[in-house]
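Comments concern the structure below.
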Amino acid sequence: MVLTARSMCPINLAVEMVGDPWTLVLLRDMIFADRRQFREFLTGTAEGISPAVLSDRLKRMQAAGLITREEGRTAGQTARYSLTEKGLALLPVIFALAEFGLEHCGGDAGLAAAGDGLDLGDLRRRHGL
């Protein structure tokens, strides 16, 4: 989604795509808590995101190719978000941030262990990859 990059430095480009305070948190929730609908993100994310910010971030993530949005199949069903291959490629980054947060920021070891039993094949199937 980088429309006007400050530079072509790979680190800069990645930070411009995922460096806001919410993108990695929302990806975390999709991966580890299987949150896939707007209301699930709004009510389930421990950090407390506002509806306007959530809507903006989901649109940005979709534009960046990190997630897809599928409309509900029938009237009244809400849209469902899924990871793309590009979004799934951030999994090692998310694990590295969790490790850093645990070792250097006093993070909760129980929360950091959420990925210990992650079945990548199951995750890929749930997201249609």
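Of the residues in segment 6-17, none is modelled with pLDDT of 95 or more and part of a loop (DSSP other than H, G, I, E, B). Whenever a residue of segment 28-56 is closer than 23 Å to Glu99 by Cβ, its partners that are among the charged types (D, E, K, R) and part of a loop (DSSP other than H, G, I, E, B), lying with C-beta atoms within less than 8 angstrom and at least six residues away or across chains, give the pairs Asp29/Arg35; Met30/Arg36; Thr45/Arg35. If you go through segment 64-104 and keep only what is under 30 Å from Ala5 (Cα atoms), of a type outside the set (D, E, K, R) and loosely packed, with under 13 Cβ neighbours inside 10 Å, you end up with Ala89, Pro92, Ala96, Phe100. Residue pairs whose Cβ atoms lie under 6 Å apart, sitting 6 or more positions apart in sequence or on different chains, and linking a residue in segment 59-73 that is at pLDDT 95 or above to a partner that is small (Gly, Ala, Ser) and in a strand (DSSP E or B), are Thr68/Ser82.
Results for (1) surrounded by 12 or more Cβ atoms within 10 Å (Cβ to Cβ); (2) out of contact with any strand residue (DSSP E or B) (no Cβ under 7 Å at 6 or more places or on another chain); (3) of a type in the set (S, T, N, Q); (4) at pLDDT below 90, shown as yes or no for each residue.
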{"site": "Phe32", "(1), (2), (3), (4)": "yes, yes, no, no"}
{"site": "Arg35", "(1), (2), (3), (4)": "yes, yes, no, no"}
{"site": "Thr43", "(1), (2), (3), (4)": "no, yes, yes, no"}
{"site": "Ala114", "(1), (2), (3), (4)": "yes, yes, no, yes"}
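Within segment 56-75, the set of residues being within 13 Å of the chain's Cα centre (by Cα) and among the small types (Gly, Ala, Ser) comprises Ala64, Gly65.
Against the definition (on the phi < 0 side of the Ramachandran plot, among the acidic types (Asp, Glu) and within 17 Å of the chain's Cα centre (by Cα)), how does Glu103 come out, yes or no? Considered against the rule, which asks whether it is on the phi < 0 side of the Ramachandran plot, among the acidic types (Asp, Glu) and within 17 Å of the chain's Cα centre (by Cα), Glu103 comes out as no. Among the residues of segment 116-129, the one identified as among the charged types (D, E, K, R) and modelled with pLDDT under 90 is Asp116.
Sub-7 Å Cβ pairs linking a first residue in segment 109-121 that is under 15 Å from Ala33 (Cβ atoms) to a second residue that is aromatic (Phe, Trp, Tyr), at least 6 apart or interchain, are Ala114/Phe32; Gly115/Phe32; Gly115/Phe95, ordered by first then second residue. Please find, among Leu58, Leu54, Leu27, the residue that is within 27 Å of Asp116 (Cβ to Cβ) and surrounded by 14 or more Cβ atoms within 10 Å (Cβ to Cβ). The conditions single out Leu27.
Against the list (1) over 24 Å from Ala112 (Cβ atoms); (2) in contact with a helix residue (DSSP H, G or I) (Cβ under 8 Å, 6 or more places away or on another chain), the condition Glu99 fails is (1).
The values are calculated or read from the model by the stated rules, or taken from the named source; none is laboratory data. Bear in mind the structure is a predicted one, so any value in this text is a computation, not a measurement. Positions of Cβ are backbone-derived with ideal geometry, glycine not excepted, and every protein chain shown enters the neighbour counts.
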